[in-house]
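A.B. asks: Sharing a structure here in structure tokens format.
The values are calculated or read from the model by the stated rules, or taken from the named source; none is laboratory data. Predicted model, so just to flag it, every value in this text is computed and none were measured. Using ideal geometry, Cβ is built from the backbone for each residue, glycine included, and neighbour counts are taken over all protein chains shown.
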DNA sequence: TCTCAGTGATACACACTGAGTATGAATAGC
DNA sequence: GCTATTCATACTCAGTGTGTATCACTGAGA
């Protein structure tokens, strides 16, 4: 019993006429009759009632038809599945990201990817840049999203810039001049003296450095008055009036009473985000992902 | 791409070694290599990474393996399905029954059948004897359960007796002597005078006649004081004190305050139930059903 | 009742392909 | 550098699936 015989059985069952079924199968009638008979013998089951003038399914034949159709349909999908898998339209993309990315860029990116490649399972995991370098080397992830480090990239890894994210200030009532709140923006110098609520450097070194650069541009050293390791906590502490902070603009969606998001006038600090991956053969899902990055987001 | 190639692919994917895979497939290595290569070409997809020393699945190959396994497993079930369908272990049994049968015999019978043949869908429909004769003739049902008529059976139909069901009296407080209630049984003569709640003859002619025979045995004519066309209604009316009735013993499970079920002393009327069907070839589910009737119910 | 069109079955020949055997080529380990 | 191992290649052969020709039977219409 092979797929050819199943196909022939279905044709005869649908036509109930050996001649027409043979025609549909692009063969002649005699070998088709022989083949069906051989099928019946190998199964030990009569599938058709035959008279000299007509053919009809037996009860068992009718039941078998359903199951045979099912198998044939699935079998005929197999070549397409193989091609789609090879083209990176199926499978799995294991993607790591630094926590900052999860607030704005990641959701959009993953959304676009899932729309474009609905049959690729996206396996997301948060990890620091260093963890991502390791994971890539060990082949545990396919790509990572990190904040572009000043230091040179590892030579074995490829990278591509993603849209950079501007930083905005988040300030509590206490530190926000009413005119700045009204304008929605502020000169950095007017809030530079305020105590800073921020990550310890090891939690988000590249992010930390971007903010440190901003302070340096105004001739100041970055001094953290209150540390927190989660963005939500930082904003909460700002809302509680403990100080100001600098967050990606996409965080403005997360409103908190007592905290105001203010654009910065003058030199705007930005978070430069990029994708990293290990070049190599046979990473179809990764290829799909990178192709998506080249596609305009419409 | 046929099942043979799928089987070969799975063997190589599992062994990751052409030699061992060939051994498992009871063939030699060279044709296996050729076959896999041909498979890859027909799919247009590379399924294996090959070096001179080792074989491994490509990403697409790994994805395809899951789907190929699925198809192969289902395909390998097909012969068994055909055999089971031919043996009447799969498919459908369209069974009609007269309403009286639904209270005792039918549930047990269907239960046993479903236990013995879980993959046969049982399609049940209530119908009078006459409707069943018609339906059998038209091939709309496979078998029917009726009350054995006195008249001869239709010659084209076969039949077999089922365990007969004794009738018991159901009487309200008003008509039940306290000693009978205590004993759980009564001489029919003591309640024969009570008004009778019963079916009109056309609803259940054979049942009606069985009860009429009982009355005749005591030299009385059956006289119905209150008609109802459903068993539940009859028992409800009895419970309400409108009269007595005679019901299959299995109805005693349906207790109703105010109504008492009493065995009848002396000549016991019984309902003779039987299965009818139209003999013919290629009715595997029917054959299973009839075989079950020969099997002691354990 | 006879004829004929139409259907599935049978007989036989042939080409293709799937499997076997023999062998080659390249790699990894000693 | 040698050897064992492993996959690839070349060639042959048998089996089987297919085509052509034909038969046997049925049922409808003259």
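A.B. asks: Give, as residue ranges, the helices (runs of 4 or more DSSP H) completely inside region B:16-135 that count at least 2 residues that are over 30 Å from residue B:203 (Cα atoms) and over 29 Å from the mean Cα position of the chain (by Cα). Even if it seems obvious, please write down each step before you answer.
C.D. replies: Numbers: elements: B:18-24, B:29-43, B:59-86, B:105-116.
Output list reads B:18-24, B:29-43, B:59-86.
A.B. asks: Have a look at B:102, B:56 and point out the one that is closer than 30 Å to residue B:161 by Cβ and either at pLDDT 90 or above or more than 8 Å from chain A (Cβ to nearest Cβ) (or both).
C.D. replies: Residue meeting the stated conditions: B:102.
A.B. asks: Return the residues of region A:278-296 that are within 14 Å of chain B (Cβ to nearest Cβ) and under 18 Å from residue A:116 (Cβ atoms); say none if nothing qualifies.
C.D. replies: Hits for region A:278-296 are A:283, A:284, A:285, A:286, A:287, A:288, A:289.
A.B. asks: Right, here's the next one. I'd like the full set of residues that are touching a residue at least 24 places away in the same chain (Cβ under 8 Å) and surrounded by 13 or more Cβ atoms within 10 Å (Cβ to Cβ), limited to region B:208-217.
C.D. replies: The initial filter retains those residues of region B:208-217 that are touching a residue at least 24 places away in the same chain (Cβ under 8 Å), namely B:209-211, B:213-214, B:217.
Within region B:208-217, B:209, B:210, B:211, B:213, B:214 qualify.
A.B. asks: When you go through B:93, B:78 one by one, which is the residue that is surrounded by 17 or more Cβ atoms within 10 Å (Cβ to Cβ), more than 7 Å from chain A (Cβ to nearest Cβ) and either touching a residue at least 24 places away in the same chain (Cβ under 8 Å) or farther than 23 Å from residue B:251 by Cα (or both)?
C.D. replies: Working: B:78 fails: more than 7 Å from chain A (Cβ to nearest Cβ).
Being surrounded by 17 or more Cβ atoms within 10 Å (Cβ to Cβ), more than 7 Å from chain A (Cβ to nearest Cβ) and either touching a residue at least 24 places away in the same chain (Cβ under 8 Å) or farther than 23 Å from residue B:251 by Cα (or both) holds for just one of B:93, B:78, which is B:93.
A.B. asks: Residue B:282 fails exactly one of the following numbered conditions: (1) more than 30 Å from residue B:158 (Cβ to Cβ); (2) part of a loop (DSSP other than H, G, I, E, B); (3) in contact with a helix residue (DSSP H, G or I) (Cβ under 7 Å, 6 or more places away or on another chain). What is the number of that condition?
C.D. replies: (1) is the only condition that residue B:282 fails.
A.B. asks: Which of the residues spanning region B:102-128 are in contact with a helix residue (DSSP H, G or I) (Cβ under 7 Å, 6 or more places away or on another chain) and in contact (Cβ under 8 Å) with a residue 40 or more places away in the chain?
C.D. replies: B:103, B:104, B:112, B:113, B:116, B:117, B:120
A.B. asks: Does residue B:21 count as away from DNA strand D (no atom under 11 Å from the Cβ) and buried (at least 17 other Cβ atoms within 10 Å of the Cβ)? Write out each step before concluding.
C.D. replies: On the way: away from DNA strand D (no atom under 11 Å from the Cβ): no; buried (at least 17 other Cβ atoms within 10 Å of the Cβ): yes.
Spelling it out, it is not the case that residue B:21 is away from DNA strand D (no atom under 11 Å from the Cβ) and buried (at least 17 other Cβ atoms within 10 Å of the Cβ).
A.B. asks: Follow-up question, since we're still on this one. Quickly run through region B:194-207 and pick out the residues that are at pLDDT 90 or above and either surrounded by fewer than 13 Cβ atoms within 10 Å (Cβ to Cβ) or not in a strand (DSSP E or B) (or both). Working first, answer last.
C.D. replies: Here is the first cut: in region B:194-207, the residues at pLDDT 90 or above are B:194-201.
If the condition is that a residue be at pLDDT 90 or above and either surrounded by fewer than 13 Cβ atoms within 10 Å (Cβ to Cβ) or not in a strand (DSSP E or B) (or both), then B:194, B:195, B:199, B:200, B:201 are the ones that fit.
A.B. asks: Are any residues in region A:257-288 within 29 Å of the chain's Cα centre (by Cα) and closer than 20 Å to residue A:167 by Cβ, and if so, which ones? Steps first, answer last, please.
C.D. replies: So in region A:257-288, the residues within 29 Å of the chain's Cα centre (by Cα) come out as A:269-288.
Across region A:257-288, the qualifying residues are A:269, A:270, A:271, A:272, A:273, A:274.
A.B. asks: Looking at this structure, is residue B:288 more than 17 Å from residue B:215 (Cα to Cα) and not assigned by TED's automatic domain parsing to the domain that holds residue B:136?
C.D. replies: Details: more than 17 Å from residue B:215 (Cα to Cα): yes; not assigned by TED's automatic domain parsing to the domain that holds residue B:136: no.
Against the criterion (more than 17 Å from residue B:215 (Cα to Cα) and not assigned by TED's automatic domain parsing to the domain that holds residue B:136), residue B:288 does not qualify.
A.B. asks: When you go through B:47, B:39, B:3, B:43 one by one, which is the residue that is more than 10 Å from DNA strand D (Cβ to nearest atom), in contact with a strand residue (DSSP E or B) (Cβ under 9 Å, 6 or more places away or on another chain) and within 10 Å of chain A (Cβ to nearest Cβ)?
C.D. replies: Numbers: B:39 fails: in contact with a strand residue (DSSP E or B) (Cβ under 9 Å, 6 or more places away or on another chain); B:3 fails: in contact with a strand residue (DSSP E or B) (Cβ under 9 Å, 6 or more places away or on another chain); B:43 fails: in contact with a strand residue (DSSP E or B) (Cβ under 9 Å, 6 or more places away or on another chain).
Step by step, each of B:47, B:39, B:3, B:43 is checked, and only B:47 is more than 10 Å from DNA strand D (Cβ to nearest atom), in contact with a strand residue (DSSP E or B) (Cβ under 9 Å, 6 or more places away or on another chain) and within 10 Å of chain A (Cβ to nearest Cβ).
A.B. asks: Let me ask you something else. Might you let me know whether region A:218-237 holds any residue that is over 26 Å from residue A:255 (Cβ atoms), buried (at least 20 other Cβ atoms within 10 Å of the Cβ) and in contact (Cβ under 8 Å) with a residue 40 or more places away in the chain?
C.D. replies: For region A:218-237, residues over 26 Å from residue A:255 (Cβ atoms), buried (at least 20 other Cβ atoms within 10 Å of the Cβ) and in contact (Cβ under 8 Å) with a residue 40 or more places away in the chain: absent.
A.B. asks: A follow-up question, please. Cβ-Cβ below 7 Å, separation at least six or inter-chain, first residue in region A:26-45 and in contact (Cβ under 8 Å) with a residue 24 or more places away in the chain, second within 10 Å of DNA strand D (Cβ to nearest atom) and in a helix (DSSP H, G or I): which pairs?
C.D. replies: Between residues of region A:26-45 that are in contact (Cβ under 8 Å) with a residue 24 or more places away in the chain and residues that are within 10 Å of DNA strand D (Cβ to nearest atom) and in a helix (DSSP H, G or I), the close pairs are A:32/A:8; A:32/A:22; A:35/A:5; A:35/A:8; A:36/A:8; A:39/A:5.
A.B. asks: If a residue has to be near DNA strand D (Cβ under 10 Å from one of its atoms) and surrounded by fewer than 20 Cβ atoms within 10 Å (Cβ to Cβ) to count, how many in region A:6-18 make the cut?
C.D. replies: Here is the first cut: in region A:6-18, the residues near DNA strand D (Cβ under 10 Å from one of its atoms) are A:7-8.
Going one step further and asking which of them are surrounded by fewer than 20 Cβ atoms within 10 Å (Cβ to Cβ), we end up with A:7.
Within region A:6-18, residues that are near DNA strand D (Cβ under 10 Å from one of its atoms) and surrounded by fewer than 20 Cβ atoms within 10 Å (Cβ to Cβ) number 1.
A.B. asks: Considering only region A:157-187, state which residues are under 23 Å from the mean Cα position of the chain (by Cα) and in a loop (DSSP other than H, G, I, E, B).
C.D. replies: Across region A:157-187, the qualifying residues are A:162, A:163, A:164.
A.B. asks: I've got another one for you. Determine whether region A:52-71 contains at least one residue that is crowded, with 19+ Cβ neighbours inside 10 Å, more than 16 Å from DNA strand C (Cβ to nearest atom) and within 29 Å of residue B:57 (Cβ to Cβ).
C.D. replies: Yes, region A:52-71 has at least one match.
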